[in-house]
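A quick write-up on the structure given underneath.
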Amino acid sequence: MPEQTPQRPDHGMLKIDMHTHLLPAEMPNWTEKFGYGDFIWLQSNSPDTAIMRKGHAFFREIKANCWDAALRVREYDAYATQVQVVCTIPVMFSYWAKGTDGLELSRFLNDHLAEIQAADPAHYVALGTIPMQDADLAVGELERIKGLGMPGIQIGSNVNQRNLGEAEFRPIFEACERLGLAVLIHPWDMMGFGDMEKYWLPWLVGMPAETSRAMCSMIFSGLLEQLPGLRVCFAHAGGSFMGTVGRIEHGWRCRPDLVAVDNKRNPREYLGHFWVDSITHDKRVLEHVLDLQGSRRVCLGTDYPFPLGDLEIGRMIEEMDLAPNTMEDLFHNAALEWLALDKARFAAG
Ligand SMILES: [Zn+2]
């Protein structure tokens, strides 16, 4: 975020950014602790920067706004945005690890996220992480996440290249529905990564495809149909699903023998039943998403503090000349409904 950002107009409207990432300032060297694998861990570098390492190798440098909660509140103030929904960075998911190690890592991150929320509930809402590679351990951690007062979780778009509609994940989604925990689906471990590393294509092409992959799997497997109380939000405005929904629907019509084998319902009918964030970087694309989803199902999100995020928080939306009630939906109603949170919690924010 630029340091000399002009103050954005304050509409006096509660703004909740429901897609942001936060890490603890310090964490163990998991590779050393567990004795295998290329786990991501943080090595502090200076008060302002830290080095993310993947096993022993340099991964990337991050700045203090990745972990400093008070600094982040000040940065959000410049955009008249009161609330940050924080979750870990997808590279921390570590679904490839042993289940018990994934659980230990999840518990460490969740305890930290819960502390951030408890220390400043007017500014912070925390989403947990779970070891998706072991459904039993994951369900146990969901119960703990609920007990810690977190309203939901963030999971990846695939688990070791297994799709989210597969039967082994069903108990996890059933538990989320039963516990009333919201689910954010975030692209990661992008398909075809090794085939297209040049030009940042895993992020520019792979990520939107990953999100559509997760959504299609959850629709066509019947997961969303069978768990109607499950509140799911897909990152990056639903990825490529929103631009290809016509193709997906047409495929369902012309080859039901391939597509409609586990769920007979038209995939288009799920639009407006799940949530997406607003990260499009394009007004016309966001208008299209609003048209497909309805404004109660599109939440302000930024991917703060990372460079591919929409870091001028809410600015594009404010420039779109939307009706005040549509802006209210985008800025807080959609997120409050997805997370099942009461607006009054943030009144003092
Ligand atoms: Zn993100």
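The values are calculated or read from the model by the stated rules, or taken from the named source; none is laboratory data. Everything quoted here is computed from the prediction, not taken from an experiment. Here the Cβ positions follow ideal geometry from the backbone for every residue, glycine too, while neighbour counts run over all protein chains shown.
Some values worked out for this structure:
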item: Criterion (buried (at least 17 other Cβ atoms within 10 Å of the Cβ), at pLDDT 95 or above, out of contact with any Ser or Thr (no Cβ under 6 Å at 6 or more places or on another chain) and farther than 17 Å from Trp338 by Cα) met by exactly one of Cys216, Cys233; result: Cys216
item: Residue within the stretch 236-244 that is part of a helix (DSSP H, G or I) and surrounded by fewer than 23 Cβ atoms within 10 Å (Cβ to Cβ) present; result: yes
item: Test for Gly294: is it crowded, with 17+ Cβ neighbours inside 10 Å and out of contact with any Cys (no Cβ under 6 Å at 6 or more places or on another chain); result: no
item: From the options Gln161, Gln154, residue that is polar (S, T, N, Q) and within 16 Å of the ligand (Cβ to nearest atom); result: Gln154
item: Count of the stretch 202-222 residues which are more than 19 Å from the chain's Cα centre (by Cα) and either closer than 18 Å to Gln161 by Cα or not assigned by TED's automatic domain parsing to the domain that holds Met242 (or both); result: 2
item: Failed item, numbered, when Leu184 is tested on (1) in a loop (DSSP other than H, G, I, E, B); (2) in contact with a strand residue (DSSP E or B) (Cβ under 6 Å, 6 or more places away or on another chain); (3) not hydroxyl-bearing (Ser, Thr, Tyr); result: (1)
item: Neighbours by Cβ (under 6 Å, 6+ apart or cross-chain): first from the stretch 30-59, under 19 Å from Ser106 (Cβ atoms) and not assigned by TED's automatic domain parsing to the domain that holds Pro305; second part of a strand (DSSP E or B) and of a type outside the set (A, V, I, L, M); result: Trp30/Trp41; Asp38/Lys54; Ile40/Lys54; Trp41/Arg53; Met52/Phe59; Met52/Arg60
item: Number of the condition not met by Ile40 [criteria: (1) away from the ligand (no atom under 16 Å from the Cβ); (2) more than 26 Å from Gln82 (Cα to Cα)]; result: (1)
item: Residue selected from the stretch 82-114 under the condition among the acidic types (Asp, Glu) and closer than 17 Å to Ile145 by Cβ, by the criterion farthest from the ligand (Cβ to nearest atom); result: Glu104
item: Pair list, Cβ under 6 Å, 6 or more apart: the stretch 295-316 residue touching a residue at least 12 places away in the same chain (Cβ under 8 Å) and acidic (Asp, Glu), other residue assigned to a strand (DSSP E or B) and near the ligand (Cβ under 10 Å from one of its atoms); result: Asp303/His19
item: Residue match in the stretch 198-217 (condition: free of Cβ contacts under 8 Å to residues at least 24 places away in the same chain, away from the ligand (no atom under 16 Å from the Cβ) and not in a helix (DSSP H, G or I)); result: no
item: Search result, residues across the stretch 176-226 that are of a type in the set (D, E, K, R) and closer than 20 Å to Gly301 by Cβ; result: Glu210, Arg213
